[in-house]
Each structure stands twice: as structure tokens, then as C-alpha cells.
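Worksheet: the structure to be examined is printed underneath.
The values are calculated or read from the model by the stated rules, or taken from the named source; none is laboratory data. Worth saying up front: this structure is predicted, and the values here are computed from it rather than measured. Because the Cβ atoms are built from the backbone with ideal geometry, glycine has one as well, and the counts that use them run over all protein chains shown.
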Amino acid sequence: MKQIVYTQQNIRAWLNRLNDILDPPRSRRYDYEGSRGSKPYDGITSGRLTAIMLRSALEALPGPLYRVALQRWVYSKPLAETLHTLGLTKAQYYYRCDKVVQCIMHYCNGEYDKLRDVARCFSKSA
């Protein structure tokens with residue numbers, strides 16, 4: 001069986017649609033049976049698996065990265081307000097956004113040793 005490898009592009013696309021993935025619109029949430037082909041045997045669709053995986057990956061982020069992820073992709077606040085709230089420069093903010101994407105990619109791909117290294121680095125700088 002071939003293992004699925006998620007790229008940074010996949011993760012960025014998911015994060016850009018994060019609110020829609022974690023809380024799908026009502027029309028998709030209560031989709032009647034048979035409208036979109038056959039249902040999986042266990043009742044868990046690929047969209048739901050993505051939501052579960054993203055939610056657990058976000059919860060596994062180190063504190064500073066978790067706060068950046070919340071501000072950028074959950075709350076979607078303006079950049080100036082986000083920088084003021086987090087107390088970061090623009091360069092630091094975008095660097096941490098890239099690290100969030102890398103951490104989530106490592107988590108989803110099961111590369112926990114790489115995730116641990118990043119977490120160790122950010123726990124010292126917090």
C-alpha cells in the first residue's frame with residue numbers, strides 16, 4: 001500500500017480553507033445519502049479525516065507557533081493588528097508562518113522526529 005505524502009502546498013491550501021474544513025457549510029454537513037456517490041463504510045469522509053488531522057496537528061504545535069496559526073488562519077486578523085498582538089516583526093511573523101506549515105506537514109506525514117526538533121527550538125525562544 002502506497003503511503004500518502006503531504007506537501008507544503010497541500011498544507012497551505014488546507015490552512016487557507018481552514019474555517020471551511022473545520023466547520024463545513026450547512027449544505028455540505030447534512031448532505032443526503034446518495035447525492036455524491038457511494039458513502040464510505042465507516043461513515044468518515046475524506047473531508048472529515050482532513051479536519052481531524054488538521055485539528056490534531058494544530059493542537060500539537062508549540063505555543064508560539066500555535067498563536068501565530070490562530071491569528072493568521074483562524075481569526076484572519078489584519079497584519080498590523082496581528083503583529084501588534086504577537087509582538088513580532090513582519091519578518092519574524094512570516095518566518096513563523098512558514099514553520100507552522102512545516103510542522104503541520106511533518107505531523108501529517110508522521111515525521112515526529114523532525115517535529116520534535118522544531119518544537120524544541122521554539123520552546124527555548126518562547
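What about Tyr66, is it in a helix (DSSP H, G or I), among the hydroxyl-bearing types (Ser, Thr, Tyr) and under 15 Å from the mean Cα position of the chain (by Cα)?
Numbers: in a helix (DSSP H, G or I): yes; among the hydroxyl-bearing types (Ser, Thr, Tyr): yes; under 15 Å from the mean Cα position of the chain (by Cα): yes.
Criteria met by Tyr66.
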> From Lys39, Lys99, which residue is outside any helix (DSSP H, G or I) and either among the charged types (D, E, K, R) or at pLDDT 90 or above (or both)?
Replying inline: Lys39
> From the list Ala126, Ala60, Ala51, which residue is at negative phi, at pLDDT below 90 and touching a Cys at 6+ places or on another chain (Cβ under 8 Å)?
Replying inline: Ala60
